[in-house]
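Beneath this line is the structure, given in structure tokens, with notes to follow.
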Amino acid sequence: MKIIFGTTNIAKLEQVKNFTRYKGIDIEFISLNDIGFNEEIEENGKTIEENSLIKAKAIKEFCNKKNINEIIVTDDAGLFVDALDGRPGVHTARYAGDHAPQEESINKLLTELKDVPDDKRGATFACVLTAIMPDGEIISCRGETKGKIVRTPGTMGKLTYGPVLMPDGMNKVINDLTEEELGLTHRDKAWLELINKLEVRSEMWEV
């Protein structure tokens, strides 16, 4: 099966490829670069579900014009902090400003939470995948990692807020956990749910 994954981020593409290979799932991923898509998409949705769908529809429209008839999958993700009424949420990527360094984003979050007690610092990483099938059917899947925001960041790098989110049942933040300790991420969970739904539609695997 072929999937056009709505990204130009090579690292993200390789991450998904490695995950599906590890799970023994045979998918040929095609990037936006591979199909020549370089249009700007205005992600003005009020939720990550809406933004993922906006991207998927824009790519589908492009593919229709180019007579490209493959499954299209797009994603959007965010960090939802309970004490901040769900912020940064849909604005996670630009919470501290467009292209803000990781340290600035984390410092802003910790500053907003400085007076929040430890038992009120719950948060959720969420990822939404939207698939548009060749016949136009839309499938949406959501994966989550729940935990709490710590006061002192762990290892920087990797996931922007990975240094400050400690998953439930763990004693280390995401960035300090091994892959084996962390298990399935919010993105992994969303991909597994989507692949399971695609398998139910077994006739689509040969598209």
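The values are calculated or read from the model by the stated rules, or taken from the named source; none is laboratory data. All of these numbers come straight from a predicted model, not from anything done at the bench. Cβ: placed from backbone, ideal geometry, glycine included. Neighbour counts: every protein chain shown. Just so you know, the surface numbers come from the protein's heavy atoms only, side chains and all, with ligands and any DNA or RNA stripped out. Shrake-Rupley method; radii C 1.70, N 1.55, O 1.52, S 1.80 Å.
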Among Ala93, Ala100, the single one that is modelled with pLDDT under 95, out of contact with any strand residue (DSSP E or B) (no Cβ under 6 Å at 6 or more places or on another chain) and over 23 Å from Leu129 (Cα atoms) is Ala100
Yes or no: the range 108-115 includes at least one residue that is within 21 Å of the chain's Cα centre (by Cα) and free of Cβ contacts under 8 Å to residues at least 60 places away in the same chain. yes
Need the failing condition index for Ile138 against (1) buried (at least 17 other Cβ atoms within 10 Å of the Cβ); (2) closer than 21 Å to Lys197 by Cβ; (3) of a type in the set (Val, Ile, Thr), just the number. (1)
Could you go through the range 128-136 and let me know if any residue there is under 24 Å from Leu13 (Cα atoms), among the polar types (S, T, N, Q) and modelled with pLDDT of 95 or more. yes
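To keep it simple, each residue is scored yes or no on (1) part of a loop (DSSP other than H, G, I, E, B); (2) touching a helix residue (DSSP H, G or I) at 6+ places or on another chain (Cβ under 7 Å); (3) buried (at least 17 other Cβ atoms within 10 Å of the Cβ).
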residue: Thr152; (1), (2), (3): yes, no, no
residue: Thr155; (1), (2), (3): yes, yes, no
residue: Lys158; (1), (2), (3): yes, yes, no
residue: Met166; (1), (2), (3): no, no, yes
residue: Gly169; (1), (2), (3): yes, no, no
residue: Lys172; (1), (2), (3): yes, no, no
residue: Glu181; (1), (2), (3): no, no, no
residue: Arg187; (1), (2), (3): no, no, yes
With the requirement that a residue be surrounded by fewer than 21 Cβ atoms within 10 Å (Cβ to Cβ) and touching a Leu at 6+ places or on another chain (Cβ under 9 Å), what does the range 103-113 give you? Glu112, Leu113
Only residues in the range 58-87 that are within 30 Å of Val164 (Cα to Cα) and modelled with pLDDT under 95 count as the first member; pair them with residues that are among the β-branched types (Val, Ile, Thr) and part of a loop (DSSP other than H, G, I, E, B), Cβ under 7 angstrom, at least 6 apart or cross-chain, and list the lot. none
When the residues of the range 6-25 are filtered to those that are open to solvent by 20 Å² or more (accessible area, probe 1.4 Å) and polar (S, T, N, Q), which remaining residue is farthest from Ala56 (Cα to Cα)? Asn18
Restricted to the range 26-50 and to residues being within 19 Å of Asp188 (Cα to Cα) and open to solvent by less than 40 Å² (accessible area, probe 1.4 Å), the residue modelled with the lowest pLDDT is Ile27
